[in-house]
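Reading through the structure tokens given below for one structure.
The values are calculated or read from the model by the stated rules, or taken from the named source; none is laboratory data. Predicted model, so just to flag it, every value in this text is computed and none were measured. Counting neighbours? That spans all protein chains shown, and the Cβs are built from the backbone with ideal geometry, glycine included. Note: areas computed on protein heavy atoms with side chains; ligands, DNA, RNA excluded. Shrake-Rupley method; radii C 1.70, N 1.55, O 1.52, S 1.80 Å.
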Amino acid sequence: MTHPTQEELEAVALGQSGDPRAAEIEAHVAGCTDCSRELAWLRAERALLGRRPQLRTAHLWPGVAARLEHPRRRTRWAWRIAVASGVGAAAAAVLFVALRPGPLPVVQPQQNARRERSAIDPKTLAALDRAEADYRNAAKVLEGEYDRLRPRLDPELARRWDETLTRARAQLGESRAVAADDVNVRMRVLDGYAGYLRSLRDLLQESEEANP
Amino acid sequence: MCAASLPGEVLGAPDRDSDEELLSRARAGDPEAFRVIFDREAPGVRRFLGDLLRDDAGADEGTQETFVRAHRRLGTLEQTGKLQGWLFGIARMVFLEQIRRKRRESPMPEPAEDFSRTDCGPSPEAMLLSAESDRMLEGALADLDVERRSALLMRIDHGLGYGEIAAAMGWSLQKVKNEIHRARLQLRARLAGYLGEGAR
């Protein structure tokens, strides 16, 4: 017979005896140096891993049961951001469709830049506006959660986060003002919002873990 | 909190309920059915996470998180026969989130690959007889890229099929095969280095 496949050899090593060719494979292996060596390796790996003791996990159940009965508060804002992100993703999808390039006449780069800036489809602008609004709404929810958790944070840490978030909000505002109707820049603003949301989410997660 | 060892523990009974039946009851809100699923599957999930994280407390926490999420998503499991792979897929996501959090605190360098010793013949007996084999194995696994390690462990420690691993990892079947092959070469190169003349 031809050499068995790697999966066939593995099935033999793992003791998965469902393969009807098992006897044939064993016979082949007995006379084939390469396959015999491979099977020896597979059995050795399996034996090394398999001889480790099983683990008791019954003591972990009460923690699971408690969380099933009383879900952590985190799920509330995690759910909200999931919804907000979903809406944002939908808006981004609309945007993607709106921005799909059609055939353009050949123009010089400078002319092209002017053309793109001046010929934005109103639907594209509307999609950008909606996406930004989605991000702003999600940010409001997360900022509200941060305000709730803030008194429990270390004052110095809270002060540093306040500064970071204020700076991020200011940068977003400035970028948005500069972007005007430039699609490419506004896409970068959306990236900025996404980064801001991620920072807020991480902050909240860490705060809740530090103060359950 | 650390999982206690139980040598030779036999999991499950011959006349146990099928996964399908248990899942059906759990989906209908029967807490006892989910408890049975936990009892059956948690040791494997805990071991998988322990091998990935090498941190008992983190693996315990990750196991709990995996089952909390699994409970929430019971309705999304389409093929009940794939329960273990599905749980490992959730455990992998939990693990990735944990290491992302850790990396923010202390970035870990990726290990370099060295397959130069994989042509050595194996000497399984030498491996099994070696008193240091457990530590050796642990070190060899630790050197693998975490994703590659996940796939290899699902295959050789937990016996998942390639298709189940592909679903759990979100990879193509070909990628699963490639990654497991590379993981094996790397693991063997490392193990062969400890086995002296017997391995060559």
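Quick look at the values:
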quantity: Summed buried accessible area for B+A [probe radius 1.4 Å, Å², rounded to 100]; calculated: 4300 Å²
quantity: Per-residue SASA entry for B:K177, accessible area with 1.4 Å probe, Å² rounded to 10; calculated: 70 Å²
quantity: Förster radius 60 Å - calculated FRET efficiency between B:V146 and A:A126 (Cβ-Cβ, nearest 0.05); calculated: 0.90
quantity: Extension reserve of the A:E69-A:A22 stretch, reckoned as 0.36 nm per residue once the Cα distance is removed; calculated: 12.1 nm
quantity: B:N178 paired with B:S18, simple spin-label distance in nm, labels 7 Å along Cα-to-beta-carbon; calculated: 3.8 nm
quantity: Computed lengthening from A:A30 to A:R148, 0.36 nm per intervening residue step minus Cα-Cα distance; calculated: 35.5 nm
quantity: Nitroxide proxy distance, nm - points 7 Å out along Cα→Cβ at B:R54 and B:R100; calculated: 2.3 nm
quantity: Sparsely packed GluC sites (Glu not before Pro) within the stretch A:1-72, loop by DSSP, other Cβ within 10 Å at most 14; calculated: none
quantity: Sequence-distant residues sharing a close amide H with A:Q54 (under 5 Å, placed H); calculated: B:L6, B:G8, B:E9
quantity: C-alpha center-to-center spacing [the stretch A:1-59, the stretch A:156-194] in angstrom; calculated: 56 Å
quantity: Förster radius 30 Å - calculated FRET efficiency between B:Q79 and A:A47, Cβ distance, rounded to 0.05; calculated: 0.45
quantity: Peptide-level mean, for B:59-70, of C-beta atoms on other protein chains within 10 Å; calculated: 4
